[in-house]
Amino acid sequence: MKKLLAFIALSMCLGLIIPTQASTFIDKKEKKEKKKKAKKPYVWVMPALTGNKDFDDYLKLCDDLNNKIVAYSDSIVFYEVAEIHVIDESGEKDIQYHVVDSAGNLRSANKAFQQNFDLVMAYPLIALDMTNLGLASTSASLALADLGLNAISYGKYIKAGPILIGRGGKEMKEIYKRARAQAKQIKALKEGKIDDVKALNAEVNASDVEAGTASMRVIEMQKSDYDSELEKVTQEDNETPVSNEEIPEEVV
């Protein structure tokens, strides 16, 4: 009888302990997963050349593409066309439309258009570089066996090409789409097509539609401040003449 009671007591204890231990294990696992650091972005560093033409040409293409991706990403400034309510001393409002920066300052429409147009034109050329790098990856893989002992240390660079191509394809495609949309909107503004400007606004701010911020930005400015900023951007516009260049069709 005593043995039976002891067995029942032990069973009850285990029934309490095992679920608790299982729960503790699950909690620890979840905490461990949360503590995992976010994956660091790939950083390209150009190594010393190997003396093997095929492999070195591949390394040079990687380095060139990386530099172009960085330069392309650093070139974009996100402008927008805003509705400016110019308030005079009597409180009357005059509605104007201008290119502005993120702080709401008036910016040169010509400069903004030229920047976006240059990015639109540069993208297909960089896309071609990505294609060429993909082709060179095959030659580099075959050349790796000719590097002798250096094959061990240089083997990791075979992965660099696909990583850079993937990075360029994602980052630059997003910038290209934004730059093209901005260029179209600024061109419509320069041509005085305000209805088109408003229609294009949602396209320019496509990423903000779900957040409910795709409507055109409205900025109130005192007339004295507006006149001062307008004088500056007018001078910049005159210093940056832009030809009537057509924005090319979107590159898929």
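The values are calculated or read from the model by the stated rules, or taken from the named source; none is laboratory data. Here the structure is a predicted model, which is why all the values come from computation and not from measurement. Cβ sites come from the backbone with ideal geometry, for glycine too, and all protein chains shown count toward neighbours.
Among all residues of the stretch 59-78, there is at least one that is within 30 Å of Glu191 (Cβ to Cβ), touching a helix residue (DSSP H, G or I) at 6+ places or on another chain (Cβ under 6 Å) and not in a helix (DSSP H, G or I). If you go through the stretch 125-146 and pick out every residue that is surrounded by 17 or more Cβ atoms within 10 Å (Cβ to Cβ) and more than 16 Å from Ile163 (Cβ to Cβ), you end up with 3. Each residue in the stretch 45-58 was checked for being outside any helix (DSSP H, G or I) and surrounded by fewer than 18 Cβ atoms within 10 Å (Cβ to Cβ), and 6 pass. Of all residue pairs spaced 6 or more apart or on separate chains, those with beta-carbon atoms under 8 Å, a first member in the stretch 178-201 that is assigned to a helix (DSSP H, G or I) and a second member that is at pLDDT below 90 and among the polar types (S, T, N, Q) are Gln185/Asn201; Asn201/Ser215.
Residue-by-condition table, conditions (1) among the aliphatic types (A, V, I, L, M); (2) over 23 Å from Val99 (Cα atoms); (3) touching a Phe, Trp or Tyr at 6+ places or on another chain (Cβ under 8 Å); (4) part of a helix (DSSP H, G or I):
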{"position": "Leu119", "(1), (2), (3), (4)": "yes, no, yes, yes"}
{"position": "Leu133", "(1), (2), (3), (4)": "yes, yes, yes, yes"}
{"position": "Leu142", "(1), (2), (3), (4)": "yes, yes, no, yes"}
{"position": "Leu164", "(1), (2), (3), (4)": "yes, yes, yes, yes"}
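Taking the stretch 97-114 as the range and being out of contact with any helix residue (DSSP H, G or I) (no Cβ under 7 Å at 6 or more places or on another chain), in contact (Cβ under 8 Å) with a residue 60 or more places away in the chain and either surrounded by fewer than 19 Cβ atoms within 10 Å (Cβ to Cβ) or part of a helix (DSSP H, G or I) (or both) as the test, the residues that pass are Gly104, Gln114.
Considering Gly91, Gly104, the condition of being at pLDDT below 95, over 22 Å from the mean Cα position of the chain (by Cα) and over 26 Å from Arg167 (Cβ atoms) is satisfied by Gly91 alone.
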